Amino acid sequence: MTTLTHPELAGSCQIVDSGVFEEYLSIRPIDAVPGNHYLLIRSQLDSAKNPEALHTRYSVTLTREAMNRLHEHLGSYLRQSESGGLTQGFLLPE
């Protein structure tokens with residue numbers, strides 16, 4: 001399973017590769033709606049009925065502001081996890 005068999009994955013970020021399961025994240029601008037972006041997570045499973053097929057796991061339209069909030073949230077989570085400050089459940093500071 002590679003981008004060679006799925007050229008539409010070019011420019012995607014592979015976020016999971018377990019050897020039998022792969023997951024990809026891609027983001028692209030929506031030309032018809034300036035300032036909005038389409039986030040898509042797709043996966044592929046070797047044992048699926050059609051192992052070459054990409055399956056949409058999640059998709060959402062985000063504004064630039066929403067992407068910034070997501071970026072800040074992920075960064076905050078990573079900083080807290082590195083410092084050992086995570087508790088059960090993670091909430092963005094208010």
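The values are calculated or read from the model by the stated rules, or taken from the named source; none is laboratory data. Worth saying up front: this structure is predicted, and the values here are computed from it rather than measured. Please note: Cβ atoms are built from the backbone with ideal geometry, for glycine as well, and neighbour counts cover all protein chains shown. When the accessible area is computed, the model is the full protein with side chains, heavy atoms only, and any ligands, DNA or RNA have been set aside. Shrake-Rupley method; radii C 1.70, N 1.55, O 1.52, S 1.80 Å.
Convex hull volume of the C-alpha atoms in the chain, normalised per residue: 137 Å³. Work out how much length residue 39 to residue 65 would gain on full extension: take 0.36 nm times their residue separation and subtract the Cα-Cα distance, in nm to one decimal. Gain in length upon complete extension: 8.0 nm. Loop-resident GluC sites (Glu not before Pro) (DSSP state other than H, G, I, E or B) in region 39-76 with no more than 10 further Cβ atoms inside 10 Å of their Cβ: 52. In the chain, helices alone account for a calculated mean residue ellipticity at 222 nm of -7500 deg cm²/dmol, with every DSSP H run of four or more residues adding -39,500 (n - 2.57).
Using a 1.4 angstrom probe with every protein chain in place, what is the largest-first accessible-area order of 58, 77, 38, 24?
Numbers: 58 120, 77 95, 38 60, 24 15 Å².
Largest accessible area first, the residues go 58, 77, 38, 24.
Find the accessible area per residue for the chain; the probe is 1.4 Å, ligands and nucleic acids are left out, and the unit is Å². Heavy-atom SASA per residue in the chain reads 73 Å². Per atom type, region 25-73 shows carbon and sulfur on 54% of its accessible surface, probed at 1.4 Å. Accessible surface ranking for 17, 46, 1.4 angstrom probe, highest first: 17, 46.
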